[in-house]
Every structure is written in structure tokens, then in C-alpha cells.
Amino acid sequence: MDNNALAELLFPDSILTRDDIEARYPERSLPEGACVTRIGPSPTGFVHLGNLYNAIIAERIAHQSGGVFYLRIEDTDNKREVEGAVETLINAMSYFGVNFDEGATADGDNGSYGPYRQRQRREIYHVFAKWLVAQGLAYPCFLTAEEIDSIREQQTANKENPGIYGKYAEANRSLTLEQIQQNIAAGKEWVLRYKGTDTDEYITVADAIRGKLEMPRNNMDFVLLKSDGIPTYHFAHVIDDHLMRSTHVIRGEEWISSLPMHVELFSVLGWQQPIYCHTATLMKLEDGGKRKLSKRKDPELALSYYQQEGICPDAVWEFLLTVLNSNFEEWRIEDPDADYREFPYSIEKMSISGALVDMDKLRDISKNVICRMPAKQVFDGWLAWCGEYDPDFAALINKYPERTLAALNVGRGGAKPRKDIETWKQACDFMSFYYDETFTVSDEMPPECDEETRSRFFEKYIESYDHSDDSAAWFDKVKAITDELGFAVKPKDYKKNPDQFKGSIVHITNMLRIALTGHANAPDIWEVSHVLGEKITRNRLEAWTSENQSKL
Ligand code: GLU
């Protein structure tokens, strides 16, 4: 077979050489040790947590080393592609604060190692495909889907490895140039296959997360180009990560089984392999065991879930860093106010058993993240979320911006800030008592405070209420009324002699808190009154006087 003639027959329009292409993608001039990483998501319309998980690792490795982090759109599977999916992906990454130095953007490509969308790189793949054919390392295969099915059936029956290799590849490997010409002239579809070696050798690959991986060398005639001339993931990965000069390939562990094909291609093309980092699959705990997160069963696998639930991006980052590096939590305790980007992320500290996605843990982290934010940042993040997911609440915030900001400041700062807000969605519930439009009394009054106690307390309280009292003066008045009504001012006195009192000051303040906020569990009463202002405070308490209670 004249391999050069075959290469010309298959790729008549491909006139560039390997050197021409290499010249477009020179070595990057970066400082020693700088890493070049990427994410290569496929635009399927579904952006999952694993995309962000891998993006965080790749971003940290690149930026901690002074390197480059880029976005490549792997759109070679047009059957799975969904309209608008690239925009969805770019928006999700930007919402979660993943910053690329180069790659695909909403307004086209940014950077000089593009195009960054694989479908636009056809000409490049064809140059290398043509070269492989000219070397006798690749050939056109005319097997139809039915023929491949029947080969698979035969292999299953014989308990042989599935795939096209050895004797199953023979018919197409041994076609003459004339036969190939005739097939093409007859309009028969073909794919380009790599000519695998019949071997029982083993290869070893040093995975940065998993250590040494040992596996059989590739012996398959795997597909390089599909019948429409678009490359498979395997071929595109090798060409792109070489030309774009990726130093590390961070991807899910489901790709480990394809490594022999990738190693083979890097080797025959004479290129240095990147450092592979195969990340653990995301898992969840269920019925005492771990299982893979499933797209069908687990809404938390979709990145959009975190947006809809109003879980702020910083919390998701901190949560994923906790999953990624076991020492992150310790680091965070030592320095609660540091930016998480200061954490020295290390690939060696990653676990290879499944990464556990625990939503309770995420909510807990989120509370801690939000309680450390300045009130204005909480205000902006929450308002932006409401603007998209709860416009009625956004309107309330916009109607009372000063009150909202003051409310968000209650219990903020100091060594033990309040942790009332978990997510932007839950903030709408928690904050609802600050607005008459959404205020409701949802908790029951303590049973110790019967109707008569309530009316007597609130009548006296309203009478003596002076909005300009400081917190100490205010509390002295509450204590005096507590005493007058036969309740213990000191809870421990009540504990010792419960028969001598109707209840304690704890019951009285709970009653007051419920009247003012609707909840027994709410921030400081005096502070809340000052956020609400005198008029609203008095109105809410007046509802409990004898005259009003009797109308209930
Ligand atoms: N397109 C592949 C995927 O979506 C990316 C794997 C890689 O990063 O190499 O799974």
C-alpha cells in the first residue's frame, strides 16, 4: 500500500504540515513550574457539580503556580448538543466565580491558542490524521453499524474482548488503494481508525492523584475521526492538549480506562504526555452506604440547583475545597477571615475514594461564610438572587433598603456572629419579620404566658416604652414588669422554686420576641425594635393588649 497516496485520497484538502500547525502553537513562555490547565466540558445543556469540582482543581493548580487556566468547549458529539448550551456553561462558570485566562467566552474566543471550540479545529485534526495515514498508522474503515453489532455478538459468544482489533480489523486493514477508492466513489461511509498493535505489553502512567497506574497497552483499532470527519474525544484530547500546551489534564476517573489510547497517541506523535490527574467521582451517603450521584435522582448534581436554592458561590467553593483537601477545614478554623483563594491547595492531599457531597455540611459551611460577610455584601448577593428568583421579595428590599441593611447588621461582626442566614432563599423566610408585608406570628406563645399575663404585660410595656432607652435601661424596665407579674427575674430562682412563680423572665422575653418577630428564635429584641422603628414596634405589641386580643 502506498500510504502517501492513501493519505492524499482521504484528505485531498488538507495541505498544511505538522510543522505549519506546530508553528501556530509555540511553547508558552511561562515561569519555571507554572502549570497550564483547562476544563473541557461538553455542551450538553446540563452543567454538573463535577464540572465545577474539576474546574476548581484546575484553576487552583494554574493560578497558584502563576500559570494559565483556559476553557475549551468539547463539542465533538453533536448528537448530544443542545441549543444555547455553551452560553449556559459560560454563564454558570462565571456565576460561580471561575475565572479563565483564555478560551471560549460569550463573545467569541480570547487567547492565542485557539480556536477553543473543537468543531472549529477540524482542519487541525485532519493534518495529524493525514500524517498518521501517511505513516501507515491509521486507515479508513467501512464497517457498517450492523457489521459492528454482529462482531460484538460474536465476541460476546466467544467471551472475547469487544472492539475492532486483530482478526476483526483484518478485512478493512487489508483493503487495497483501489478498493478504498471504489468504496469512496460508491459513497460508502468510513471512519478513520488507529492501527493498534497486537501486544500483551503493559504501560505505566504516573497519575498525580492516584500514583502509578499500570494497564495493558492499547491493542484496539479505535476511531480517530468519525464518518463526518469530526474527531473522537480521544484524538481531540491528544491534539488539543499538546498544541494548547496543557501541562496537567484534570478530568473524571471515568477516563482512566481510555488512557492506553491516549498514551499510544502521544507516543506515536512524538509528544510529551501531560500529567494526568483523574479525580474521584462525586458520591452521596444513602442508607448507610455511598453511591454515585445520579442525574435522575439527585437535583444537587446540577449546578443550576445551587443557583436556584440561592447557595452563594463562595459557600460552594469552600464546600468543594473541603471535599478536595482534607486539611482545608483546619486551615479555615485557624484563619476564619482569610480569602479561600489563599489556601495552599495541594493535589497530593486529594482523596481517591469517592468525594462525598453532603448537603447538610454545605448548609453549615454556607452559614459560616455568610455570617462573616459584611452586611452590604449580603445585601447585594441576596438582592441579586431575589431579582431573579423572588421578584416580590426584591421589591420589598428595594422599598426598604435602609431597614434591610440595618437588619442584616444585627448580630453581625464580633467573635460570635449570628448564623441566621444559610441561603438566599432561606433568607427570605428569616428576614420576613422585618417587613409588615410579610410579617406573621408563626410560633405559639409560651403556655406560662396566658391571655391575662399577655394583656397585662403588653399594656405595661407599651406604657413605659421609650424608644430612646438604651439597651440596659430597656431591660431594667422589662425586669421590673416581669417581677410585678409574679415571674422570676432570675431563671435560676424559678428553677429552684417553680411553685413560687408563674414562670421566668425567659418566658416573658420569649413572649415579647414572638410578638415582635413572630418567632421564639430571633435576634436581640432591643436591636430588632430599633431596626423596625418605634411605630412598627408599638403596632405589633398593641395587637396583644386586652382590647385587641379579645377581638382575635
Ligand atoms: N469533554 C470531556 C467531558 O465532558 C472532558 C474530559 C477532559 O477534561 O478531558 O467529560
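Quick notes
- Qualifying residue in the stretch 343-352 (condition: within 20 Å of the chain's Cα centre (by Cα), among the small types (Gly, Ala, Ser) and more than 19 Å from Ser294 (Cα to Cα)): yes
- Each residue in the stretch 179-212 was checked for being over 24 Å from Tyr168 (Cβ atoms), without any contact (Cβ under 8 Å) to a residue 60 or more places away in the chain and in contact with a Lys or Arg (Cβ under 8 Å, 6 or more places away or on another chain), and 1 pass.
- Meets criteria (away from the ligand (no atom under 13 Å from the Cβ) and among the aliphatic types (A, V, I, L, M)) for Val249: no
- Flag for Ser304 being of a type in the set (Ser, Thr, Tyr) and exposed (fewer than 13 other Cβ atoms within 10 Å of the Cβ): no
- Annotation: Ala472 fulfils all but one of (1) among the small types (Gly, Ala, Ser); (2) surrounded by 15 or more Cβ atoms within 10 Å (Cβ to Cβ); (3) without any contact (Cβ under 8 Å) to a residue 60 or more places away in the chain; the unmet one is (2).
- Taking every residue in the stretch 357-370 that is assigned to a helix (DSSP H, G or I) and pairing it with any residue that is basic (Lys, Arg), at least 6 positions away or on another chain, the pairs with Cβ-Cβ distances below 6 Å are Lys367/Lys419.
- Candidate set from the stretch 244-266 (those that are of a type in the set (Ser, Thr, Tyr) and over 17 Å from Leu213 (Cα atoms)); member that is surrounded by the most Cβ atoms within 10 Å (Cβ to Cβ): Ser246
- The residues of the stretch 508-552 that are under 21 Å from Ala407 (Cβ atoms) and part of a loop (DSSP other than H, G, I, E, B), listed by number, are Gly518, His519, Ala520, Asn521, Ala522, Pro523, Asp524, Gly533, Ala543.
- Of all residues making up the stretch 138-150, the number that are buried (at least 18 other Cβ atoms within 10 Å of the Cβ) and not aromatic (Phe, Trp, Tyr): 4
- Just one of the numbered conditions (1) touching a helix residue (DSSP H, G or I) at 6+ places or on another chain (Cβ under 7 Å); (2) within 22 Å of Asn521 (Cβ to Cβ) is not true of Asn368: (1).
- Total residues in the stretch 427-441, condition in contact (Cβ under 8 Å) with a residue 40 or more places away in the chain and either basic (Lys, Arg) or in a loop (DSSP other than H, G, I, E, B) (or both): 6
- Here the helices (runs of 4 or more DSSP H) wholly within the stretch 290-353 that include at least 2 residues being within 19 Å of Thr88 (Cβ to Cβ) and touching a residue at least 24 places away in the same chain (Cβ under 8 Å) are 303-308, 313-324.
- Every test in (1) surrounded by fewer than 21 Cβ atoms within 10 Å (Cβ to Cβ); (2) of a type in the set (A, V, I, L, M); (3) more than 20 Å from the chain's Cα centre (by Cα); (4) within 16 Å of the ligand (Cβ to nearest atom) is passed by Leu9 save one, and that test is (4).
- Output for the stretch 150-191, where each listed residue is in a helix (DSSP H, G or I), among the acidic types (Asp, Glu) and over 16 Å from Pro140 (Cβ atoms): Glu153
- Within the stretch 200-216, tally of residues that are charged (D, E, K, R), crowded, with 16+ Cβ neighbours inside 10 Å and not in a strand (DSSP E or B): 1
- Residue in the stretch 484-507 that is within 28 Å of Tyr400 (Cβ to Cβ) and either at pLDDT 95 or above or surrounded by fewer than 16 Cβ atoms within 10 Å (Cβ to Cβ) (or both) present: no
- Condition check for Leu192: touching a strand residue (DSSP E or B) at 6+ places or on another chain (Cβ under 9 Å) and closer than 18 Å to His234 by Cβ: yes
To keep it simple, each residue is scored yes or no on (1) assigned to a loop (DSSP other than H, G, I, E, B); (2) small (Gly, Ala, Ser); (3) under 18 Å from Ile239 (Cβ atoms).
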position: Met1; (1), (2), (3): yes, no, no
position: Ala5; (1), (2), (3): no, yes, no
position: Leu9; (1), (2), (3): no, no, no
position: Leu16; (1), (2), (3): yes, no, yes
position: Asp19; (1), (2), (3): no, no, yes
position: Glu27; (1), (2), (3): yes, no, yes
position: Glu32; (1), (2), (3): yes, no, no
position: Tyr53; (1), (2), (3): no, no, no
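- Residues of the stretch 65-124 satisfying the condition of being assigned to a strand (DSSP E or B), buried (at least 17 other Cβ atoms within 10 Å of the Cβ), more than 14 Å from the ligand (Cβ to nearest atom) and not acidic (Asp, Glu): Val68
- You will find that of Val263, Val238, the residue that is within 12 Å of the ligand (Cβ to nearest atom) and among the aliphatic types (A, V, I, L, M) is Val238 and no other.
- Total residues in the stretch 221-280, condition assigned to a loop (DSSP other than H, G, I, E, B), more than 26 Å from the chain's Cα centre (by Cα) and not charged (D, E, K, R): 9
- Residue that is free of Cβ contacts under 8 Å to residues at least 12 places away in the same chain, surrounded by 16 or more Cβ atoms within 10 Å (Cβ to Cβ) and part of a helix (DSSP H, G or I), where the choices are Ala394, Ala407: Ala394
The values are calculated or read from the model by the stated rules, or taken from the named source; none is laboratory data. Everything numeric in this text was worked out from a predicted model, so none of it was measured. Positions of Cβ are backbone-derived with ideal geometry, glycine not excepted, and every protein chain shown enters the neighbour counts.
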